[in-house]
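To keep things clear, I will list the structure first and then write my remarks on it.
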Amino acid sequence: MGPPLQPNQCGSRLGAPPSLPAECGGVACKPGLRVGMAVAAAIACRLLRLHAAGAGGHWRRLRGAGLPRGFLQPASAGEDAAQWRRVAHFTFQPDPEPLEYGQTQKMNLFQAVTSALDNSLAKDPTAVIFGEDVAFGGVFRCTVGLRDKYGKDRVFNTPLCEQGIVGFGIGIAVTGATAIAEIQFADYIFPAFDQIVNEAAKYRYRSGDLFNCGSLTIRAPWGCVGHGAVYHSQSPEAFFAHCPGIKVVVPRSPFQAKGLLLSCIEDKNPCIFFEPKILYRAAVEQVPVEPYNIPLSQAEVIQEGSDVTLVAWGTQVHVIREVASMAQEKLGVSCEVIDLRTIIPWDVDTVCKSVIKTGRLLVSHEAPLTGGFASEISSTVQEECFLNLEAPISRVCGYDTPFPHVFEPFYIPDKWKCYDALRKMINY
């Protein structure tokens, strides 16, 4: 069984659990429980060590099959954050510094969100922010400092109840105030599904526009993050795209995040604003300090091209930008890259105009293939641009499985999957 473990020591690459407070003796507050807890902790640590050893064997066998080290080798305790970032499936590409909105400041994506919320609270005295832990800054620090600046009546915590958070937000919005709700992870938005779909989305319609909750905005961290596994990695935008009466928005960068979030908050319809959590710190660029707006339901042509149209949103935009560069370099293929930005109502005209020019379309998103929003885009383009298509429309998406943990690198639609699909389209 190996040598006995020392207190609070667990030699697993999976990481030891945090030590208990010193006032609890590092094991248990009651002396009578210390022995039992110590035995349980020792057994748990031994199991973790055995598990890590077994996992190491699995990694070695997979590497022996010729799979790349960067994807499969578990990180040692000494590896720094920079090395983790190098094995990410994308490279963030900042946009040129915007000059039309005045002074800019270097911000990452969560700071851009904070700036937008700060601007909204300063401009609108009825605006309130609420959710789980937002008074403390939130788990991703997006609301840090706002309670101290605007008071506990405008930035406050809620119970751990997503249905209650959204229902509360609907009630606030119906009174005419501006409600900005946070769902801590997009994966946990489903308990609030009924409130969003059957209440928020239909409030104006079923009252004949006598009442509405159009001043409601729901923020939620979204998408894969490298280690989130099944409950912290999902992309549920397609669920809400099927519901008339709400808008769904996903930004790709700090500049886009601030402008689009301000537009959602000021829009006269309930909005869901999904924030790519992997970009919170990985995405850094110059962002205007003052408020500005980016129109909703307008896709952006990031790069013009003539041979293939590539469409994505959120983090995946940076993947297809790399694919466009690879296609130009390796195949001499010119790609038009489009960031959809607003999922619903989406910009049909911009996408169809591009496909009429290029004759080919590839749509990519992290969510599973079946029923993903790429299906809606593909169907619409096929109806509108059938005679212009030179090849079948390609969808490069996540698999129809729960989101995995250690196998995330194989699940995500990375640049190699997209490039392979593009090459097949060109050779069709």
With the 8 Å Cα cutoff and a minimum separation of six or more residues, region 116-219 has a relative contact order in percent of 27 percent
Partner aspartates and glutamates whose C-alpha sits under 13 Å from that of K247, ignoring same-chain residues fewer than 8 away, are E237, E266, D267, D347
Among A135, S233, F255, the residue whose Cα sits farthest towards the positive end of the charge dipole of region 125-257, when +1 is placed on the Cβ of each Lys and Arg and -1 on the Cβ of each Asp and Glu, is F255
Measure of exposure for R321: accessible area at 1.4 Å probe, Å² rounded to 10, is 30 Å²
In Å, the C-alpha Rg and Dmax of region 349-428 are 13.5, 43
Expressed as a percent, the accessible surface of region 282-337 that is carbon or sulfur, using a 1.4 Å probe and the full set of protein chains, is 41 percent
Excluding ligands, DNA and RNA, the carbon-plus-sulfur percentage of the accessible area of region 148-228 with a 1.4 Å probe reads 57 percent
A correct Stokes-Einstein calculation for region 170-286, using the alpha-carbon Kirkwood radius, 37 °C and 0.692 mPa s, returns a whole-number D in µm² s⁻¹ of 224 µm²/s
Given a 1.4 Å probe, the accessible area of region 272-409 per residue, as a whole number of Å², is 38 Å²
Heavy-atom accessible area per residue of region 167-262, all protein chains kept, 1.4 Å probe, expressed in Å², is 34 Å²
Candidate cut points under GluC sites (Glu not before Pro) in region 330-428, DSSP loop plus at most 14 other Cβ atoms within 10 Å of their own Cβ, are E390
One can check that the equivalent ellipsoid of region 112-152, built from the alpha-carbon gyration tensor with semi-axes equal to the square roots of five times its eigenvalues, has lengths in Å, largest first, of 15, 11, 8
Computed over region 279-428, the Cα gyration tensor eigenvalues, each multiplied by 5 and square-rooted, give semi-axes in Å (largest first) of 22, 20, 17
Percent of all alpha-carbon pairs of region 300-345 at distances over 15 Å, whole number, is 37 percent
The size of the Cβ-based charge dipole (Lys, Arg +1; Asp, Glu -1) of region 328-392 about the Cα centre, to the nearest 20 debye, is 160 debye
Percent relative contact order for region 200-256, counting Cα pairs under 8 Å at least six residues apart, stands at 29 percent
Measuring from its Cα centre, region 281-428 shows a charge dipole (+1 at each Lys and Arg Cβ, -1 at each Asp and Glu Cβ) which, in debye to the nearest 20, is 360 debye
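The values are calculated or read from the model by the stated rules, or taken from the named source; none is laboratory data. Since this is a predicted model, take the numbers as computed values, not measurements. For neighbour counting, all protein chains shown are included, and Cβ atoms are generated from backbone atoms with ideal geometry for every residue, glycine included. Ligands, DNA and RNA are excluded from the accessible area calculation, which covers all protein heavy atoms including side chains. Shrake-Rupley method; radii C 1.70, N 1.55, O 1.52, S 1.80 Å.
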